[in-house]
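*Asks:* Pasting a structure here, questions to come.
The values are calculated or read from the model by the stated rules, or taken from the named source; none is laboratory data. Remember, it's a predicted structure, so these values are computed and weren't measured experimentally. Here the Cβ positions follow ideal geometry from the backbone for every residue, glycine too, while neighbour counts run over all protein chains shown. Just the protein is used for accessible areas: all its heavy atoms, side chains included, with ligands, DNA and RNA removed. Shrake-Rupley method; radii C 1.70, N 1.55, O 1.52, S 1.80 Å.
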Amino acid sequence: NKLPRPIINLGFPKMGTTSIHAFFGCGNYSSMHYQCSPTYACGECMRRSVEEDLPPFAKCDHAPAEVYAQIDYYDTKNILHYLPQTELLEEIVHGYPNATFLLTFRSMDKWYDSVRNWYNMKQRMQMSNITGFPRCKGKNLREFSDWFCSHVRRVRELVAKNP
């Protein structure tokens with residue numbers, strides 16, 4: 001039995017996205033990891049799609065892929081981090097009602113260390129005003145953990161309402 005497609009990771013960056021991409025790639029699934037076109041990150045073309053009232057992956061050049069392992073993007077112009085899995089969660093779930101959604105977990109200590117050490121990701125997230133994570137939040141592990149846990153609850157509640 002095959003999983004319904006697309007398979008979309010709604011987890012956060014630095015929580016196994018590269019491993020998801022590699023895993024499905026080994027099974028010959030077409031998988032996108034961060035880049036959904038030669039010129040656009042997945043999150044960037046997802047935002048453009050929704051702004052035009054289209055399903056989230058409609059403007060992504062390499063769509064439809066079977067797997068979307070990492071969908072966030074770093075907006076270098078505005079020095080912000082954009083997470084469609086929080087900002088466009090409803091649009092993703094409603095736009096792809098038959099999708100398989102992944103929600104990855106990682107030790108909060110290890111995730112927080114990884115975020116702090118990955119090209120200023122912690123600072124970018126703190127300045128980005130992400131849903132559930134207001135600007136300048138994230139001073140410590142506890143604030144990052146609380147944010148992730150609230151995201152998990154939000155995903156579970158939304159997906160349960162839209163089985």
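*Asks:* Evaluate the following for Val93: is it surrounded by 20 or more Cβ atoms within 10 Å (Cβ to Cβ), modelled with pLDDT of 95 or more and in a helix (DSSP H, G or I)?
*Replies:* No: the conditions fail for Val93.
*Asks:* All but one of (1) surrounded by fewer than 17 Cβ atoms within 10 Å (Cβ to Cβ); (2) within 20 Å of Cys42 (Cβ to Cβ); (3) of a type in the set (Ser, Thr, Tyr) hold for Ser150; which doesn't?
*Replies:* (2)
*Asks:* In the range 110-128, which residues are exposed (fewer than 14 other Cβ atoms within 10 Å of the Cβ) and either within 18 Å of the chain's Cα centre (by Cα) or aliphatic (A, V, I, L, M) (or both)?
*Replies:* Passing the criteria: Trp118, Tyr119.
*Asks:* Identify all residues within the range 47-96 that are farther than 22 Å from Ser128 by Cβ and among the small types (Gly, Ala, Ser); write none if there are none.
*Replies:* Result: Ala58, Ala63, Ala65, Gly95.
*Asks:* Considering only the range 134-147, state which residues are buried (at least 19 other Cβ atoms within 10 Å of the Cβ) and small (Gly, Ala, Ser).
*Replies:* Of everything in the range 134-147, just one residue is buried (at least 19 other Cβ atoms within 10 Å of the Cβ) and small (Gly, Ala, Ser), namely Gly138.
*Asks:* For the condition part of a helix (DSSP H, G or I), over 22 Å from Ile8 (Cα atoms) and not hydrophobic (A, V, I, L, M, F, W, C), what is the one hit in Tyr112, Tyr119?
*Replies:* Tyr112
*Asks:* Do we find a residue being in contact with a Phe, Trp or Tyr (Cβ under 7 Å, 6 or more places away or on another chain), of a type outside the set (A, V, I, L, M, F, W, C) and part of a helix (DSSP H, G or I) anywhere in the range 122-136?
*Replies:* Checking the range 122-136: at least one residue is in contact with a Phe, Trp or Tyr (Cβ under 7 Å, 6 or more places away or on another chain), of a type outside the set (A, V, I, L, M, F, W, C) and part of a helix (DSSP H, G or I).
*Asks:* Can you tell which of Thr104, Thr131, Thr76 is within 24 Å of Cys36 (Cα to Cα), of a type in the set (Val, Ile, Thr), touching a residue at least 40 places away in the same chain (Cβ under 8 Å) and open to solvent by 50 Å² or more (accessible area, probe 1.4 Å)?
*Replies:* None of the other options fit; the residue is Thr131.
*Asks:* Sticking with this one: Of all residues in the range 3-29, count the ones that are over 22 Å from Leu89 (Cβ atoms), assigned to a loop (DSSP other than H, G, I, E, B) and open to solvent by less than 50 Å² (accessible area, probe 1.4 Å).
*Replies:* The total comes to 1.
*Asks:* What residue, of Ala65, Ala41, Ala69, is open to solvent by less than 40 Å² (accessible area, probe 1.4 Å) and more than 19 Å from Phe101 (Cβ to Cβ)?
*Replies:* Ala41
For (1) of a type in the set (A, V, I, L, M); (2) over 17 Å from Thr104 (Cβ atoms); (3) in contact (Cβ under 8 Å) with a residue 24 or more places away in the chain, each residue gets a yes or a no:
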residue	(1), (2), (3)
Val50	yes, yes, yes
Pro56	no, yes, yes
Pro64	no, yes, yes
Tyr68	no, no, yes
